[in-house]
Amino acid sequence: MNLVPQRFIFRLGFASQTSSLKVNSIPSHGRRKLSTITFSLAAPKQSGEEVLVVVGGGAAGIYGAIKAKTLAPNLKVVVIEKAKPLSKVTTQFVCQNFWRGRCNVTNGHCPDNKILAEHYPRGHKEFRGSFFHTHGPMDTMSWFSDHGVALKEDGRVYPTSNSSSTIIDCLMSEAKRSGVLLQTGKVVTGASSTADGKFAVKLEKHSLDYVEHVEADYLLIASGSSKQGYNLATQLGHSIVEPVPSLFTFKIADLKLAELSGVTFPKVKAKLQLEGIQKNIPQLTQVGPMLVTHWGLSGPVVLRLSAWGARYLSSSDYKGTLCVDFTPDLHIEDLKSALSRHKSQFLRQKVLNSYPSEFTVVKRFWKYILDCEGICGDTLWSSISNNLLFSVASLLKDCAFSVKGKGQFKDEFVTAGGVPLSEIYLDTMGSRIHSHLYFAGEVLNVDGITGGFNFQNAWTGGYIAGTSIGNLAGVAYNRVNQKLYTKTFGS
Ligand SMILES: Cc1cc2nc3c(=O)[nH]c(=O)nc-3n(C[C@H](O)[C@H](O)[C@H](O)COP(=O)(O)OP(=O)(O)OC[C@H]3O[C@@H](n4cnc5c(N)ncnc54)[C@H](O)[C@@H]3O)c2cc1C
């Protein structure tokens, strides 16, 4: 590490908090000038005091920082956040979620951790073990309730206030109360290990021309899906599973379908077929609600397919076929009989004006089906041949949509890929490559389907990492104190 001999004590502040961190400030290359850095306070680093640097003030980083600091009050915990802390929590609540409902901090549907694990396209095998047992959805709910956030639940869990600020305020005030230091507007751009087993962490500020080097005893990378976070992991010897988007909508080039924008289907069965994927992947068939948008299809079924098919879709250039069964609870023979019955009852009615009540579809969609079959809405039921009735039934059971791409970028909620779970110990979130290095949240090759599962991964990972670091730091502190005691008073 290229450190200059000058040493500075810079001050790090979380609002009015007072504390400090030892850093070296250097020009990163010849033309950079040493900048003036001022922070709000300082108390010199005490002998034996250890430092945890958390990269990223998102859900995993802040939750982990609070846990570590709570367990080891002597540990200096500094969260470095390049933008606004907990910004995704804000986005999440502002956007009012994936399926027109309220957004969620976790999911209370799965008391069994094995079932919970099945909601993670990346992570489902590894999460069957102790991961959620250590800190699962119920623990998350208790944590927020114990810290004054009233929650409500309908499977998904959200604050009764329906406001993101309740969650953000709770986490920020708990971080402040426990003494976590937060630095915003700085990017962690480099990390390497030092000869004495610590970390030299490089911070930069884009707006100013300076670099800082911070020495840390523990490093928690909780940088979400940021490329800089992946770079830090590789600098420290980890590999990265190529990041690809997960949880996106499907672009369907069908002008007639676009006219149905806003139409919802409470229950469809949809199967995603992709070229070159011959094997039968059960998760590429999903049952649930679907929504037509002005560019294609969305809703829980589509988002789930996009998550389970994220890697296959990426390698097929987001092209494939979506086969939708619009009446999954009815056998094709039941559909045919319903149509025949309806025809005989309503011979003199126009086909557009009435259709079997068993079909839980709206009239606009019924028209779409008739159009697809080339049937004019004014045609009387009496004029519809049995063959045509059967092909209407077949279309309702198996309607193929050509997927031409993924929805716009803003629909991509999480990233599949990141640090492989095989490179960390899930019971501590510690690196298998570097001691005292930890990861939590979306930086890992983990992603869940919609419904609070992605936040739960962040809370659990942050909690476990924070616990491991807090325990180690507590032991280290006691050891130093013991030595001091022995030196002063004898053994
Ligand atoms: C629009 C939207 C809606 C969502 N809705 C839901 C939902 O309803 N339910 C659900 O469970 N999940 C939802 N998610 C996903 C959820 O927000 C994420 O899975 C979760 O925030 C991941 O937490 P994290 O702490 O790992 O990462 P993040 O929340 O992304 O936090 C990482 C932080 O690190 C900072 N950072 C990155 N690199 C650096 C660096 N080098 N130096 C300094 N700072 C850095 C970033 O600025 C960021 O603040 C949604 C996501 C989006 C975008």
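The values are calculated or read from the model by the stated rules, or taken from the named source; none is laboratory data. These numbers come from a predicted model, not from an experiment. We place every Cβ from the backbone using ideal geometry, glycine too, and count neighbours over all the protein chains shown.
Sort out which residues of the stretch 161-182 are more than 15 Å from G57 (Cα to Cα) and touching a strand residue (DSSP E or B) at 6+ places or on another chain (Cβ under 6 Å), and write them in order of number.
T166
Can we say G461 is in contact (Cβ under 8 Å) with a residue 24 or more places away in the chain, touching a Ser or Thr at 6+ places or on another chain (Cβ under 9 Å) and of a type in the set (G, A, S)?
No: the conditions fail for G461.
Would you be able to tell me the number of residues in the stretch 93-118 that are in a loop (DSSP other than H, G, I, E, B), closer than 19 Å to A59 by Cα and modelled with pLDDT of 50 or more?
5
Quick test of your reading of the structure: T166 fulfils all but one of (1) β-branched (V, I, T); (2) more than 13 Å from the ligand (Cβ to nearest atom); (3) in a strand (DSSP E or B); (4) farther than 30 Å from V292 by Cβ. Name the failing condition by number.
The number of the failed condition is (3).
Consider the stretch 398-451. How many of its residues are farther than 18 Å from F132 by Cα, in a strand (DSSP E or B) and within 11 Å of the ligand (Cβ to nearest atom)?
The qualifying residues number 3.
Within the group V301, V263, V287, which residue is crowded, with 20+ Cβ neighbours inside 10 Å and either modelled with pLDDT under 95 or on the phi < 0 side of the Ramachandran plot (or both)?
After applying the criteria, what remains is V301.
How many residues, within the stretch 117-139, are surrounded by 20 or more Cβ atoms within 10 Å (Cβ to Cβ) and either farther than 18 Å from L426 by Cα or basic (K, R) (or both)?
Qualifying residue count for the region: 1.
Given the conditions (1) at pLDDT below 95; (2) touching a Gly at 6+ places or on another chain (Cβ under 9 Å); (3) polar (S, T, N, Q), which single one is not true for S226?
Checking S226 against (1) at pLDDT below 95; (2) touching a Gly at 6+ places or on another chain (Cβ under 9 Å); (3) polar (S, T, N, Q), the one that fails is (1).
Of everything in the stretch 374-425, what is out of contact with any helix residue (DSSP H, G or I) (no Cβ under 8 Å at 6 or more places or on another chain) and aromatic (F, W, Y)? Give them in sequence order.
F409, Y425
Provide a single number: the residues in the stretch 146-162 that are in a loop (DSSP other than H, G, I, E, B) and either within 18 Å of T450 (Cβ to Cβ) or modelled with pLDDT under 85 (or both). Even if it seems obvious, please write down each step before you answer.
Quick first cut of the stretch 146-162, residues in a loop (DSSP other than H, G, I, E, B) only: 147-150, 155, 160-162.
Retained after the next criterion (residues that are either within 18 Å of T450 (Cβ to Cβ) or modelled with pLDDT under 85 (or both)): 155, 162.
Number satisfying all stated conditions: 2.
Give Y210, Y218 a once-over and let me know the one that is in contact (Cβ under 8 Å) with a residue 24 or more places away in the chain, in contact with a helix residue (DSSP H, G or I) (Cβ under 6 Å, 6 or more places away or on another chain) and either of a type in the set (V, I, T) or away from the ligand (no atom under 11 Å from the Cβ) (or both).
Within the list Y210, Y218, the selection yields Y218.
With the requirement that a residue be in contact with a Gly (Cβ under 9 Å, 6 or more places away or on another chain), part of a strand (DSSP E or B) and within 23 Å of G462 (Cβ to Cβ), what does the stretch 203-220 give you?
Scanning the stretch 203-220 gives L203, L220.
Mind checking which residues of the stretch 143-168 are in contact with a helix residue (DSSP H, G or I) (Cβ under 7 Å, 6 or more places away or on another chain) and without any contact (Cβ under 8 Å) to a residue 24 or more places away in the chain?
Hits for the stretch 143-168 are G148, V149.
Look through the stretch 411-437, keep the residues that are over 21 Å from P243 (Cβ atoms) and among the hydroxyl-bearing types (S, T, Y), and return whichever of them is surrounded by the most Cβ atoms within 10 Å (Cβ to Cβ).
Among those that are over 21 Å from P243 (Cβ atoms) and among the hydroxyl-bearing types (S, T, Y), it is T428.
Considering only the stretch 319-358, state which residues are assigned to a loop (DSSP other than H, G, I, E, B) and of a type in the set (A, V, I, L, M).
Within the stretch 319-358, L330, L347, V351, L352 qualify.
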